[in-house]
Amino acid sequence: MHVICRHVWMFVERKCRDHPCAKGHRARSELRYNSSMATLRFHIVPNAKIDKVAGEHGGAIKIKLRAPAMEAKANASLRCFLADQLNISKRAIILEHGHRSRKKVIRIDGMSEEDVRSRLLGTL
């Protein structure tokens, strides 16, 4: 979690949602102990003909995207594609690792790992 000012630490520890520095942040305990949160590995193939889930690649979910792999267009396209496929908001999809790589680790809030895998891989 990035500290914006000294008041954010107070927010994190006390879960104070009223402080002006708290906008957009969650309490640390909510992030750690939230049971409906999935962290998954994805393998992205940019410049594909269509956007689609293409199965698995070494334990990661393989996704083909039409967007090019430059200027973070593929990352934005991936978030939109996952939000569409999972019927959730783009805000619930957080790119944890792999901003410049084909191998990405993505956290999806509000869903379990089993739910995400069944929705994405169940249509194959």
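The values are calculated or read from the model by the stated rules, or taken from the named source; none is laboratory data. Treat the numbers as computed from the prediction; the structure is a model and nothing was measured. Side chains included, ligands, DNA and RNA excluded: accessible areas come from the protein's heavy atoms. Shrake-Rupley method; radii C 1.70, N 1.55, O 1.52, S 1.80 Å.
The slack in the chain from E71 to E96, taken as 0.36 nm per residue of separation less the alpha-carbon distance, amounts to 7.3 nm. Note on K103: accessible area approximately 140 square angstrom, rounded to 10, probe 1.4 Å, nucleic acids and ligands left out.
The residues of region 36-120 expose, per residue, 58 Å² of accessible area to a 1.4 Å probe. If you sort D115, D109 by accessible surface, 1.4 Å probe, largest first, the order is D115, D109. Annotation: extensible slack from R107 through K49 equals 18.3 nm (criterion: 0.36 nm per residue apart, minus Cα-Cα distance). Evaluating 6.51 cos²θ - 1.76 cosθ + 1.60 at θ = phi - 60° for every residue in region 65-79, the Karplus couplings come out as 10, 6, 5, x, 8, 9, 6, 6, 5, 5, 5, 5, 5, 5, 4 Hz, glycine and proline recorded as x. Ranking of M111, M70, M37 by solvent-accessible surface, largest first: M70, M37, M111 (1.4 Å probe, protein heavy atoms only, all chains present). The accessible-area ordering, largest first, of the residues L65, L95 stands as L95, L65, per a 1.4 angstrom probe.
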